[in-house]
Structure formats: C-alpha cells, structure tokens
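The values are calculated or read from the model by the stated rules, or taken from the named source; none is laboratory data. If you're wondering where the values come from, they're calculated on a predicted model, not measured in any experiment. Because the Cβ atoms are built from the backbone with ideal geometry, glycine has one as well, and the counts that use them run over all protein chains shown. All accessible areas refer to the heavy atoms of the entire protein, side chains included, with ligands and DNA or RNA removed. Shrake-Rupley method; radii C 1.70, N 1.55, O 1.52, S 1.80 Å.
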Amino acid sequence: QGQLVESGGGLVQPGGSLRLSCVASGTASDIYAMGWYRQAPGKQRELVAGITKAGATSYADSVKGRFTISRDNAKSTVYLQMDNVKVEDAAVYYCHDLLNRFNYWGQGTQVTVSS
C-alpha cells in the first residue's frame, strides 16, 4: 500500500538544472524525514539531502549551494531542485525514509549529465 515514486530525471548539460519529484502514497505519506539518495554505477549509495516534515533541511557537502530540497505535505511530494549540475552528479536518484522506518525503495530516476 505504501509507495515512493521518483520522477523528473533525464539528460542535462553541465551547469544546467533539473527538478526531481518524489510522490509518497499510502503509509509512505507519513514519513517524518525524507532523504534524497543517489547511486552511480560501481559506487556506494550516498545521501544527498534530507528534509523533515516541518521543513528543516540538510545537505551533503558535495551539493551544498547547488541543490535545494523541499516538500509539499498537502501533495505528499518531496522535490530536489538541482542547479549548476556537474558530471559527478550523474546517478540514479532515490527518495527514502531518512530514519529508515519505511523499508521500501522505489525504482529511482536516472540523471545523466553530458555536454
């Protein structure tokens, strides 16, 4: 019943922008703190940004100043605004319960960075 669905990925040029969305349904709508994660081929999954239900945010140093996480609780949606993207940002991006209470992962959305 609970589900997380990511969307908004695609091809973007270095320095460009992209906005990712994560729609939560069912029991996933109750997640208190949501995180955006990413995983590139052959690399470990890493936490990119997090946001609480009240709107408190945190960012990995690698994306600080370039990415912005936000949420619309009425729509049960979390966003990741990616600005000034770099080639090292290329990865599959996932949203997930930052506190790991909701144990399921979506399919993610692919972000490709190429000039």
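Some points to look at:
- The alpha-carbon of Lys75 sits under 17 angstrom from the alpha-carbons of these lysines, leaving out residues fewer than 8 places away in its chain: Lys53.
- Most mobile of Gly65, Gly16, Gly42 in a GNM of the chain (Cα contacts under 10 Å): Gly42
- Counting only heavy atoms of the protein chains and using a 1.4 Å probe, Lys86 has close to 80 Å² of accessible surface.
- Here the chain exposes an accessible surface that is 46 percent carbon and sulfur, computed with a 1.4 Å probe and the other protein chains kept in place.
- Residues whose amide H comes within less than 5 Å of that of Gly2, counting only those at least five positions distant or on another chain, are Thr27, Ala28 (H built at 1.01 Å from N in the peptide plane).
- Amide H contacts of Ala90: Val113, each under 5 Å away and 5 or more positions distant or on a separate chain (H built 1.01 Å from N in the peptide plane; Pro and chain starts excluded).
- Student exercise, segment 56-96 dipole from Lys, Arg, Asp, Glu Cβ charges, in Debye to nearest 20: 120 debye
- Reach of Lys86 by Cα under 26 Å, taken over lysines that are not fewer than 8 positions away in the same chain: Lys43, Lys64
- Charge sum, other residues only, whose C-beta stays under 11 Å from Ile31's C-beta, Lys/Arg counted +1 and Asp/Glu -1: +1
- Longest segment of the chain lacking chymotrypsin sites (Phe, Trp or Tyr not before Pro) that sit in a DSSP loop with at most 14 other Cβ atoms within 10 Å: 33-103
- Distance from segment 83-115 to segment 1-57 (C-alpha centre basis), Å: 6 Å
- Within the chain: Cβ-based charge dipole about Cα centre, in debye rounded to nearest 20 (Lys, Arg +1; Asp, Glu -1): 60 debye
- Three-way shape call for segment 29-106 based on the alpha-carbon gyration tensor, with the a/c threshold at 1.5: oblate
- Gained length - Gln44 relative to Ser70, 0.36 nm times residue gap less alpha-carbon distance: 6.9 nm
- Amide hydrogen neighbours beyond the local backbone of Phe102, cut-off 5 Å, H modeled: Asp97
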